[in-house]
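The block underneath contains the structure these notes are about, expressed in structure tokens.
The values are calculated or read from the model by the stated rules, or taken from the named source; none is laboratory data. None of the values given here were measured: they were computed from a predicted structure. When we count neighbours, we look across all protein chains shown, and the Cβ atoms used for this are built from the backbone with ideal geometry, even at glycine.
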Amino acid sequence: MRIDRLESVDSTNLYLKRFLEKREDIAVFSDIQTNGMGTKGRSFLSDLGGVYFSVLTFYHELPTSEAFRIMAHAAVAVCRTAEHFGIEAEIKWPNDVRAAGKKLAGILIENGFRGDLIDHSIVGIGLNVRNDVSPLNGIAVSMKNLLSVPPRVVEVRNSLLENYLRPSTFEEYLSHVHFLGKQLQVTEGEEHYFAVARQVLPDGRLEVERDGMSRLLSDAEIALCPEVKR
């Protein structure tokens, strides 16, 4: 796989879109992003000191029904990387990786389709290492906030690439999902309600229980409710 290393780019995902016609698997790292992209059109803070990584992969016979495998694998790669440096990581459904209750990394997946098959995917990962996340008002955390001696950015880059290139299983994804059985606050569009998380299905949907009834979520925001101390 070709690997490009850049000092600055608008977005690592956008950079890889320029190579779609070549139909070549490519990965790219950049020291900073000037227009980092998050999910649902949000921006992603991409200052110096983070790892900003995207991978363009072409597929031959991957059904659209297995699209969640791509996201699950990316999340596992980030968890493996964090744990390699001594940080306990967990996955907040569907694609955020958290540590110490805060966002350590974000993942953006952009798939291209060919009929009922996935033609290609661009997987973007932003991992906080030594960058300053204080502008995010306490919702994010960097490795430097969690370790007495934080790793060098290049060490994290190499670990993330190695872990991404290793295969993973859905069971490994589930092993990093720690909120099952707990109460969530769910936001679906304009609707807000409380529910208990039951399971993540292999297709990526989250099963919750609301007022004794099962409900499957495919596009929703969730937040873990604080536990009541007795």
Identify the residue in segment 111-129 that is in a loop (DSSP other than H, G, I, E, B) and touching a helix residue (DSSP H, G or I) at 6+ places or on another chain (Cβ under 7 Å) and, among all such residues, is farthest from MET143 (Cα to Cα). ASP116
So which of LEU165, LEU184, LEU117, LEU147 ends up being modelled with pLDDT of 95 or more and surrounded by 20 or more Cβ atoms within 10 Å (Cβ to Cβ)? LEU184
Go through segment 156-204 and report how many residues are of a type in the set (D, E, K, R), farther than 16 Å from ALA89 by Cα and touching a residue at least 24 places away in the same chain (Cβ under 8 Å). 5
Kindly check whether there is at least one residue in segment 127-134 that is surrounded by fewer than 15 Cβ atoms within 10 Å (Cβ to Cβ), over 29 Å from VAL51 (Cβ atoms) and modelled with pLDDT under 95. no
Can you tell me which residue in segment 187-205 is farthest from SER65 (Cα to Cα), limited to those that are surrounded by 19 or more Cβ atoms within 10 Å (Cβ to Cβ) and of a type in the set (A, V, I, L, M)? ALA195
Selection from segment 1-26 of residues that are crowded, with 21+ Cβ neighbours inside 10 Å and part of a strand (DSSP E or B): VAL9
Scan segment 79-90 and give yes if some residue there is closer than 17 Å to GLU221 by Cβ, of a type in the set (A, V, I, L, M) and in contact (Cβ under 8 Å) with a residue 12 or more places away in the chain, otherwise no. no
For ARG205: the one exception among (1) among the basic types (Lys, Arg); (2) more than 18 Å from ARG98 (Cβ to Cβ); (3) out of contact with any strand residue (DSSP E or B) (no Cβ under 8 Å at 6 or more places or on another chain); (4) at pLDDT 95 or above: (3)
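Assess whether ARG210 counts as being more than 23 Å from the chain's Cα centre (by Cα), at pLDDT 95 or above and of a type outside the set (S, T, N, Q). Step through it out loud before you land on a result.
Details: more than 23 Å from the chain's Cα centre (by Cα): yes; at pLDDT 95 or above: yes; of a type outside the set (S, T, N, Q): yes.
For ARG210, the condition - more than 23 Å from the chain's Cα centre (by Cα), at pLDDT 95 or above and of a type outside the set (S, T, N, Q) - is met.
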Of the conditions (1) among the β-branched types (Val, Ile, Thr); (2) under 18 Å from the mean Cα position of the chain (by Cα); (3) assigned by TED's automatic domain parsing to the domain that holds SER8, the single one that VAL154 does not satisfy is (2)
In this structure, is ALA223 closer than 24 Å to CYS79 by Cα and either surrounded by 19 or more Cβ atoms within 10 Å (Cβ to Cβ) or touching a residue at least 40 places away in the same chain (Cβ under 8 Å) (or both)? no
